[in-house]
1. Assign unit charges at the C-beta atoms only (+1 for Lys and Arg, -1 for Asp and Glu), then state the dipole size of the protein assembly as shown relative to its Cα centre in Debye, rounded to the nearest 20.
2. Enter the Cα centre distance for the pair the stretch B:242-283 and the stretch A:323-392, rounded to the nearest angstrom.
3. State the cysteines of chain A left without a partner when partners are defined as other cysteines whose beta carbon lies under 4.7 Å away.
4. Compute the acute angle (0 to 90°) between the alpha-carbon long axis of helix B:585-594 and the principal axis of greatest extent of the alpha-carbon atoms of chain B; round to the nearest 10°.
5. What does the net charge come to around B:E236 if you take all other residues with beta carbon closer than 11 Å to its beta carbon, with K and R at +1 and D and E at -1?
6. Would you calculate a helix-derived [θ] at 222 nm for the protein assembly as shown, using -39,500 (n - 2.57) for each DSSP H run of n ≥ 4 and dividing by the full residue count, to the nearest 500?
7. With a cut-off of 15 Å, note down the residues of the stretch B:345-380 whose backbone N falls inside the zone around a label point 7 Å from the Cα of B:V399 toward its beta carbon.
8. Sort B:W801, B:W315, B:W142 so that the residue with the fewest other Cβ atoms within 10 Å of its own Cβ comes first and the one with the most comes last.
Amino acid sequence: MANFICPYCFEKCDTRDICFRCINPNPSDCPLEEDEAFSKYWGFASTRQMPRIIKPNVPFYKNRLSHAICPKCKTKTTKMICPHCHNPLPHTTGLVEEYMIALVGAKAAGKSHYVAVLINALRQDIGQKLNASLVALNDETIKRYRDEFYKPLYEKKEIIKKTISPELKHPLMYRFSMGRESKFGRQKHTAVTLVFFDTAGENFDSLDIMRREIKYISNSRGIIFILDPLQIPAVRDRLPDDTILPAVHTQPEEIVTRVINLIREDHQIPETELINIPVALAFSKIDALCSLLHPDSMLNRASPHGAQFDINDYELLNSEMQAYLQEWTGPELNNIMKHNFQHFAYFGFSALGAPPASDGGLTEAVSSFRIGDPFLWLLWKNKLIKGRKNKA
Amino acid sequence: MTILQHHYTSSEGKGFQTSAVSSALDKDTILFLERAGVYIPPLSLPSRPTEEEIKNFPVSLSYYVLEDRKSAIIHSVYIGKDYSGRFGNYFSHSLVTDDYANDMKNLLPIQLWGSPTWVTKEGSSPELPPLSKVEAGSFMTWDAIFNFVATNDRLLRLSHLLTAAKESLKTKKRIIIVDSNQNIALWIAAVTFGLPRHLAQQISFTTYTKNPYSIEALICGTTSDSDFHFSAQEIEYEYFVFDFENNRFSKISEIDPYAEVVCKKFKDRNSKYFGDFSTFYDEIVSRAPRCQYDLYSLFALYSAISGVRISEEDWRKVITLIISYNLMNLFPNLLIEALQRLSDIPHAGRDLTLDAIDLYNEAAREGVDPIVRYKAAKALFSIAVLKYSPTATASDLEVILGKMKQFNLEQLQEECELKCLELLRDIQDVQKKLSLFNLFMTMRLLRSDSTRLASMLDHEIMPIITEPLTQKLFRDALRTDFRVQFIHAFGRYLSGKIHDTKTLTAVSNMISDDLIYNDLNSFAIQQNNLRLYETLYGIYVQTKKDKIGLFLGFYKNIQKFSLKSNIEELEKAFSSTWGTSPPTFEETIKIVDGIASDDLYQCRFADLLAEVVYKNTNFIEPASKSIELAGQLLNSLKLSEEHRIILDVITTIPKLDEEREEDLKKLYTLATSNFFSANVSLRKDILELFFRKLIMVNKHKNLHKDYVKILVELQNDDTIAHNAYRAAFRYAISDKSSSINIFVNCFKLWDKFYTRKIITRGAISDFLYTAFKDAFYSQKKKTREVIEEEICSDPQVKKRWELFKQETERGLAVTINRNIGKLTDLVKKMRQKKK
C-alpha cells in the first residue's frame, strides 16, 4: 500500500483509491455528471458538470493503476484525480515521492519573486550544478509560471503583480530529477515531485484564513519563510533616506506563531515536542541592505553549492544571519524557532539583485544571488542531495 | 429593500481584503463575493498602465444566483497600483439581494452595466448601508441592443447564442464569449433581454474574467489571451464558444425555434412583445415551473391566445405543453381561450388530430373544469371530424376513429348533430362514411331519436345496406340506443324493395338474424305493412328449422293486420314455409291444433294435411290422434274426394262392429273398390283388417267360408288379397286361446279346394302349404298334437290331414333321404378311385 497527499485538498490518500476522469470529449457518448466534490473545492455556488469519474478495481498485487477504462464509453483514460476533491493528480503520483515546499511570508515579503527566480534558477544554473532537470507536471503549472512569474520578470522587466488572495491557485508542480554518480561510477537518477505553494501575504493575516486557504503548510516537507528586512524598524531606521520603503505589514513573529499553531493543531503535536519540518528563514531583498552588511559578509560571496550542499558555507551564513537577526530584532524570533522546530536555519537572498523603480519596473536585469540556498538546504535536510563539509 | 453591499480591494497597509460591507451580509456570501469578484487584467494590456489606459481595461460585471434565493451582482474594475505602489489592484463592488424580483424591480442584471450605483473607490466607513434602490445604466437600452444585433451577421449569431443559453440553463454547459468588453455586455444583454425575465434571471454571467475555468458563470466574457485554452475539444464539446475576435465558434447544429422568434422580434425592433410575453411566461411558470424551458411551446400558446394564427406544428407543441404540465388544471381560463382558437383552425392533419385526441383524453380526467372539458371536446370535434376526416384516407381515419370511440361527446350533440349529418352526406367514400357514422353514434354525437338521423339513415346508409361494411355498422348499431332507428330505417327500405329479389337476397342474412327479424316484424306490424311482413317471413323461414313455430307465429301475427280474410296470406305463408315438401305428421298436428277451424277449413293446404294424416295412419289400428285429425280435417272445405274418403275410413274403423256382417262387408267392398286399386298399401291394410275380423270372430264362420271361396275362385291371382289373408291369419293365431280353433277351421275351409284341385301347391292362392304349414310347424309339439287331434276327430278330414301331414313331413324325409343317397354315391366313387 502506498500513500500520497493530494496537492489540492491535502488529504492523505491510498494510491489504490486514485480515481480517473473519462477523457471522452463527446458528452453525447459519455454524458457529463455533476461533480460535487470538485465544485465544492473550487467554491462554485452550483455543482459543475464534469466528465465521468471512474473508480477502477485495483488488483490486490498492485499499488495503483496507470489507466482505467470508462465503463460507459470504454475510452481509456490516464487522467488521474484525487479520490476526495477530484482535482487532477500528477502522473507521478504514487511512483515518486512528493516534496511540498511551502512559501510563507507577510505581504510584499517577496514570496512570488522568490518562486519566480528559484524555478528559473533550478532550470538553469542550479539545475546544471545538481545535474538535475525540472519539468512541469501539468499545463496549469506551465501557464501560471509563464504568465504570472516569468513573463513579468524576465520579459517585461517589471515586478510581479500582487498575488490575489481570494483566487484559488493551482500549485506549481514539477518533476525534479537528479542524476548522481554511484560508488561504482554509474549514473543513478533520483526523481521527486516538487510542489511549490505561493500564496498572498494576506492569507497569513489570521489563523482562520490560514486554516482555510493554506492548509498545505502542515503537509509540507519544508518551509521557506521569507522575511522582509525592510519591515524591521531597526533596519528601516538605518537605511539611507532615499531608500524606497514598503508599507509596514504584519510582523514575522506573528506569522511564524500562526504557522506553528497551524502545524501543531493539524498534527496534534504537543508543546513539549518539536516540529520536524525543516524551516529555512530567508531574508529577502538583501540587495537593499548592502550598506548595513559587513564587507566580508557571507552575503557578499556567491553561493558555493554545487552537486553537493556546502555545509561550511551554510553554517557560516546561518551564524551571520542569526547575528543580524539578533541585532535587528532581538532574540524573539530565534527563540520561537528554537522552541518549536527541530531544524531551522537562516539565509539571505536577493531575487532581483537590485530594488525596482517606483513605477514597478526593474532597473536592471534580474541578477539574483543566493536564491537557491534555502531550497538546497531543504533538499539536503530531506536527504535528496548530499552535504559536503570541508575540514578546515 | 434589502440590497446589501460589499467592497473588496487592496487597502492601505492591509492588502487585499473586504474593505467595507453591509453588516447583514453573512460570512459565506462574503467569501463567495471575494472569490467571484477577483479581477486579473488581460495579459495583453499594459502591465503598468496609466490612469488613461486603465479606463480601457475591461469591466467585469458579473451576476450569480446563490443558494437561499440570493442573487449577487458584482462589479469589478482594475484600478492599477495599490497603496504600496504595486500593480494588480482592483476594486470589486457587489450587491446582494435575497429577493431579486422585488428589490431590482424589472431590472435585468446586465442593465446595471454602467450604472451610477457602482463605486470604484474605497469609502471612509467600513460599514455599507443596504441600498434602497439601484439605478440602471443609461447604455443598455432596447435601441442599443437592436442597433447592436442589426449589424453584420449578429442576428444569426444571436440565434446561436440564445440556443446555447437555453441549453446551458438545462445542462450547465457554459458559454465563452470573446469580443470587446462592451460587445460582450451587449451580447449578454441581447440574450437576457430576449428571454423571459424568469429565465434571464437564471443566467449567471460575467462580462470579463481572465480565467473562465475558475468561475461558474454560464456566460463568461473573456479575451483571446485569457487562461481559456480554446482547444478543439473545448470548442466542440465542452463549451459553447463564441470567439468573435478570432472567428472560433462552437457548432450549433439546430437553432432553437424560440431563438428564431427572438431574432425576428429583434429585427422588427418589437420591444413590446418581450414585455408582454415575459409577463405571460412568468405567470405560467410561477405555477408550472417544469415548463420553463419549453419556451417555444409557451410562445406558441401565447401567440394563439393573442389571436395569431399558428401552424399545425405549433399547435402540436402547444398541446404537448398543455398535457405535459397539467395546464388544464392550473390555467382553466387560459385553456378555454386556447381551445377555442384550436377549434377555429382551418385545417388539421393526422398528427394534430392524434394530439387533439390526447388532449381530450386529458380533459376527460376527473377534476378538470367542465368548461375546459367541453371546449376540448369541441376542439376535438372540430379537428378530427370537421377538419381532418374529409381529407383523410379511409385507413387513417379508421385509426383515428379507433382512438376516439371511447369518448362520449353527448354534450356537443345539440350543436354538432347537424354538422355530423351534413358531413356524412358530403363524404362519398363508403368506408369513411360508415366509419364516421359509427363514430358519431359511439360518441353520442347523434340523438337516437333524431328525425334528422332517420332521414340520414334513409338517404345515406340504407342505400348502401348491401355493402358488408354497412351491414357491420348496422349490426353494431343494434347494440346501441340507435337500434330502433336502424330497424325502422331498414324496414322502410325493405318496404320499397319487396319485389327486388336481388336486394332481398343481399340482405337475407340480416333478415335471418333473429334480433333483426323480430324487430322488423314488429315494425311491419306496427306499420300495418302486410307485404313487408310476408316478405320478411318468406326470407326468414327459409333459414330456420322451427318452421311450425314460425308458421303459427305468422298466423298469430297476421291477426294483427286488419284483413277481411287471412286465408290467402296463410296459404302463402304455408307455401313459403314448406314449399313442395309437406309438413311432418307432428307439424300437421300442431297446424291443425294451432289454426282456427274456420280458417283451416278454408285453406287449400288442408288437403295436403289430410294426405299427411292418412299416410301416417295405421289403418288396421289407427292411432287416436290420426282419427282425431282425420275427423277435424274431414270438415275442410278444400279436401279432395279421395282424401275425404280416406279420412272417412280412418274415422270409421274405430266405429266398426265386428259382430255385424254388414259392417264387415262394407269394409271389404271399400277395400276392393276401384278407389283403392292404386293405393296398394291402403288396400292391403283394409283387407287385412277385414280378414282378421273374419277369421277371429266365430260367429262369421260361414262368412269366412264365403270369402275364402271368393278368394280362391274370384281372386285367385290377387296377391294383395291373399297376402292380407295370410297376415290376418298370422295375427289371429297369435291369440293362443283361439289359435287351435282357427288352425282347425282354416284347414277345413281351405283343404277342400286342394282335394278338388282348385288350388295347386305353389299357386298365389296356396295357403295351406305356405302360411298355414309354416304357422303349424312353428307351434309347439303339444299344440300341434292338440290341433291334429281336433282335426282328426272328423274322420273325413282326418285322411286329408294325414295326407297334408304326409306331404309336408314326407317332403322333409325325401330331402333327407336324397341327401343321404348323394353322400353314399360320393363315398362309393371315392372308394372306386382308390382302387
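Rule-based calculations on the coordinates, nothing more; no lab input. Quick caveat: nothing in here was measured; it's all calculated off a predicted structure. Because the Cβ atoms are built from the backbone with ideal geometry, glycine has one as well, and the counts that use them run over all protein chains shown.
1. Charge dipole of the protein assembly as shown: 7580 debye, to the nearest 20.
2. One Cα centre to the other: 61 Å.
3. A:C13, A:C19, A:C290
4. 80 degrees
5. 0
6. -14000 deg cm²/dmol
7. What the label zone holds, given the 15 Å backbone N cut-off, is B:349-358.
8. By the 10 Å Cβ count, ascending: B:W142, B:W801, B:W315.
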